[in-house]
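This report concerns only the one structure given below.
The values are calculated or read from the model by the stated rules, or taken from the named source; none is laboratory data. Only a predicted model underlies this, so the values are computations on that prediction, with no experimental measurement involved. Heads up, the Cβs are rebuilt from the backbone with ideal geometry, glycines too, and the neighbour counts pull from every protein chain shown.
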Amino acid sequence: MEATNLVDLISENGITLNKSGTNYKGLCPFHSEKTPSFNVNPLRGYFYCFGCKISGDGIKFLMQHSRLSFVEAVGVLANKANIPLEKKSIISPNRNLDEDEGLNCLKDAVLFYKAKLSTQDGENTANYLRKRKVSERMWKKFDLGASPNDWHGVLNYLKGKNKLVKNLFRTGLVKFSEKSESYYDTFRARLMFPIKDIHGRCIGFGARTLNPEDNPKYLNSPETTYYRKSNVLYGLFEGLSSIRKLRQLIFVEGYLDVIRLHENGFSEAVATCGTALTHNHLKIIKRYAENIILIFDGDNAGKVAALKYTHLLLSYAFESYVVSLPEGEDPDSFLLIKGKDAFEKMLGNKIPALDYLVKETLKKFENSIQGRMQCMEELLPTLSNISDMKRRQLTLMAISERMGIPPEMITQELQKKSNKNLSKLNINGSIQSLSSSKVSQDELWLLQSLLRKGNLWPIVRQHLSPEEFKTPYFKKLYARLLEFPDSVFQPFDPLKLEKSDPRLFQAVMNLLKEEIRIHDFGLSLMRIKERNLELSFRDSILKSESNEERAKIGARRRKEEKKIKDVKLLFDGNSTC
């Protein structure tokens, strides 16, 4: 559909895309890879993977990635573009919307496990749920089930429903034994938690053992084309209406924690599925919520996780908070013992994530100047990861206030770290490693001045070429800036680059952040040209074969020196920065 921005659509589904010329590149969502081969052409509205060769438009992407039928995909795109569709054109009464055989297998597996919960095969599982005081209302809401202690339970059941074994295998419901050369059930004698996508369809399972001797305690479906744990949140489908209404999400650690919170009216609770919180999770959350509350178990592992995730959260424009549980408690046990009112009171005492991060990081070091410096050093990478410069500066000021460290000191340390990483920035191509000894101060000052005094650009572009820069990074940056018209720099607003060219934006901001001393722009320009002339002169002299040739070289040098002085005069009186 022409109204669809394909880059936005794919990015909204948790896939990170980076601009590469006129296209965008990223890791393919349809097969495992470490080097990006997934390409998106926003002008023509199609994607193509050079690895697995899959291609298509926005409709094809949703059909493959979200397992939607054609009519469902059209409906989603029409809704995003605010294009009304007649109901009869969206859904045909004779059309089965869940045409994917793998999804049908998972759907039937949910029914199989649910039914087992009411039989002798699921008696131990049902008793466990009752012992944990999980109501039958929650059994139904989350479609809880029981896998029998049988090597071929779900396998034989689904084969009896004419399901192909190859489809069972690709959903992760069964595994293959090379020893016996036969298939067998992945889950046996476990409490089953169906994991659903945003449309409510089962895409995998989480499974808890009931036998303390069995390992692992929790077993999840393997990664499949349906289930990618870094893109899924347990409880998101069940709580979506509340999350959208409140614009808030409560993040907890376990499946039973989610269920307990939903049972007590906190239906905005979600959890990851046996993995750490990732950037992809946060991109998904960003679609539905603005506030995030982290609640972790009151043990050391929970505190470590909370600290880790606050670092991650501060990279995003969320209002994020942390709730600390008493030692030895988790959300499930806390609600059971102390009740809903006590839990609401605890939520009312939530701590802003930044306050929690600073407080807990300070605890790791001695209460001394050296300890505070170590704490600051640990927080600097988190500051660096905040791409929005306004948010970064506000966060820096907040950290300064909470730690009692002057903001100028934090800014200086942040700048040092940025300079160390300067060579890693890429302006339309790779930049060679850059050590501080190879940085030309005149080139640095000249670029900083040009970005601050836009009226210099019309003259400079006539008298200075990128080839005259000797610092590779500055040469690349200057060449990139020359592509813009003079009007862009009068005055220069770097924030306009933040979305259109984030890499260039970051590079420019690294220069503008640093305070520069007063210096003569024309003098810097003259020194750059004189340096290059000297290098060229030496090279020519070394290659010369006669005194006559060397005399001509000397004459050309004097002539060029005169031109350089004339160029400097153009800037005198209008170039001190």
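Here are some notes:
- Some residue of the range 325-334 being at pLDDT below 95 and within 27 Å of residue 401 (Cα to Cα): yes
- Residue within the range 336-347 that is closer than 24 Å to residue 386 by Cα and either in the same structural domain as residue 209 (by TED's automatic domain parsing) or of a type outside the set (S, T, N, Q) (or both) present: no
- Scope the range 245-274; condition under 17 Å from residue 287 (Cβ atoms), surrounded by fewer than 21 Cβ atoms within 10 Å (Cβ to Cβ) and over 21 Å from the mean Cα position of the chain (by Cα); matching residues: 245, 246
- Cβ-Cβ under 9 Å pairs, at least 6 apart or on other chains, the range 561-575 side assigned to a loop (DSSP other than H, G, I, E, B), far side surrounded by 16 or more Cβ atoms within 10 Å (Cβ to Cβ) and modelled with pLDDT under 70: 572/520; 575/520
- When residue 180 is tested against (1) assigned to a loop (DSSP other than H, G, I, E, B); (2) out of contact with any Phe, Trp or Tyr (no Cβ under 8 Å at 6 or more places or on another chain); (3) of a type in the set (Gly, Ala, Ser); (4) touching a residue at least 24 places away in the same chain (Cβ under 8 Å), exactly one condition is not met: (4).
- Qualifying residue in the range 139-152 (condition: closer than 30 Å to residue 333 by Cβ, among the basic types (Lys, Arg), more than 36 Å from the chain's Cα centre (by Cα) and in the same structural domain as residue 208 (by TED's automatic domain parsing)): no
- Yes/no for residue 30 being farther than 18 Å from residue 5 by Cα and either hydroxyl-bearing (Ser, Thr, Tyr) or at pLDDT 80 or above (or both): yes
- Residue match in the range 284-294 (condition: over 21 Å from residue 243 (Cα atoms), in contact with an Asp or Glu (Cβ under 9 Å, 6 or more places away or on another chain) and either not assigned by TED's automatic domain parsing to the domain that holds residue 243 or not hydrophobic (A, V, I, L, M, F, W, C) (or both)): no
- Cβ pairs under 6 Å, 6+ apart, first in the range 46-68 and on the phi > 0 side of the Ramachandran plot, second modelled with pLDDT of 80 or more and not in a strand (DSSP E or B): 67/100; 67/103
- Helices (runs of 4 or more DSSP H) wholly inside the range 206-288 containing at least 3 residues that are within 19 Å of residue 316 (Cα to Cα): 236-246, 279-286
- Those residues of the range 344-370 which are among the small types (Gly, Ala, Ser) and modelled with pLDDT of 90 or more, in sequence order: 348, 353
- Qualifying residue in the range 369-378 (condition: among the small types (Gly, Ala, Ser), closer than 26 Å to residue 289 by Cβ and either touching a residue at least 24 places away in the same chain (Cβ under 8 Å) or part of a helix (DSSP H, G or I) (or both)): no
- Test result for residue 526, closer than 20 Å to residue 446 by Cα and either outside the structural domain of residue 443 (by TED's automatic domain parsing) or at pLDDT below 80 (or both): no
- Some residue of the range 216-234 being touching a residue at least 60 places away in the same chain (Cβ under 8 Å), surrounded by 21 or more Cβ atoms within 10 Å (Cβ to Cβ) and either within 21 Å of residue 117 (Cα to Cα) or among the aromatic types (Phe, Trp, Tyr) (or both): yes
- Selected residue [in contact with a Phe, Trp or Tyr (Cβ under 8 Å, 6 or more places away or on another chain) and surrounded by 14 or more Cβ atoms within 10 Å (Cβ to Cβ)] from 386, 399, 293: 293
- Cross-chain or 6+ apart pairs with Cβ under 9 Å, the range 156-171 first and free of Cβ contacts under 8 Å to residues at least 60 places away in the same chain, then β-branched (Val, Ile, Thr) and not in a loop (DSSP other than H, G, I, E, B): 158/165; 158/174; 159/165; 165/174
Residues checked against (1) basic (Lys, Arg); (2) surrounded by 15 or more Cβ atoms within 10 Å (Cβ to Cβ):
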residue	(1), (2)
103	no, yes
121	no, yes
126	no, yes
136	no, no
140	yes, no
153	no, yes
159	yes, yes
